[in-house]
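Here is the structure we will look at, set down as structure tokens.
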Amino acid sequence: MFAQSSRNSASPVLLLVLLGCVLCPPAQASKSSEDIRCKCICPPYRNISGHIYNKNVSQKDCNCLHVVEPMPVPGNDVEAYCLLCECKYEERSTTTIKVIIIIYLSVVGALLLYMAFLVLVDPLIRKPDPYTQPLHNEEDSEDTRSLAAVPAPAGARANTVLERVEGAQQRWKRQVQEQRKTVFDRHKMLS
């Protein structure tokens, strides 16, 4: 009994430790090459088309002279070309992105498994109750009578949820009226 209780409490702790290891990687002196970059967007200049340059450099070296390689203009036009370029230092956490994607895929996977359970296994588990089957047959026959009595509007779906609820409400009202009628008829007979 005690061993089972310690196993149940250990699994959430283990999950938290694993999640902490993934979310908080060990301190690194330099970031991974995917986590930092300098991005320079250079518009068209004279006969040269616009281009986007990416390079892994430090934040202080994030400028056109260090990022744009090979330089598409000759030496005397480099300054004019670099003034048109817009360079931005970008930093991101790929670990956080990976964790979010794993959580998202886990939730989607769990929902798909639940859907598969509902579609495949649940009908096999539930067995029809012989006592409720005659009641369902009566309701079905009442449904067909009420649908035959009330014409459906053109272009509308025949079995919307609202129509089913309204049909059930009408059946309930008729049953209440019949019960009242029988109670008052019996009351009259007894008096």
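The values are calculated or read from the model by the stated rules, or taken from the named source; none is laboratory data. Because the structure is predicted, anything quoted here is derived from the model rather than measured. Because the Cβ atoms are built from the backbone with ideal geometry, glycine has one as well, and the counts that use them run over all protein chains shown. Each accessible area value is taken on the protein alone, full model and side chains, heavy atoms only, with ligands, DNA and RNA left out. Shrake-Rupley method; radii C 1.70, N 1.55, O 1.52, S 1.80 Å.
In the condition set (1) free of Cβ contacts under 8 Å to residues at least 12 places away in the same chain; (2) open to solvent by 80 Å² or more (accessible area, probe 1.4 Å), Met71 is compliant with all but (2). Of note, Val57 satisfies the criterion of being among the hydrophobic types (A, V, I, L, M, F, W, C) and assigned to a loop (DSSP other than H, G, I, E, B). When Ser106 is tested against (1) among the hydroxyl-bearing types (Ser, Thr, Tyr); (2) loosely packed, with under 11 Cβ neighbours inside 10 Å; (3) at pLDDT below 80, only condition (3) is not met.
In this structure, is Ile41 touching a Gly at 6+ places or on another chain (Cβ under 8 Å), surrounded by 11 or more Cβ atoms within 10 Å (Cβ to Cβ) and either more than 26 Å from Thr94 (Cα to Cα) or among the hydrophobic types (A, V, I, L, M, F, W, C) (or both)? So Ile41 fits the description; yes. Here is a check on your reading of the model: is Leu83 at pLDDT below 95, under 30 Å from Gln170 (Cβ atoms) and not aromatic (Phe, Trp, Tyr)? Spelling it out, it is not the case that Leu83 is at pLDDT below 95, under 30 Å from Gln170 (Cβ atoms) and not aromatic (Phe, Trp, Tyr).
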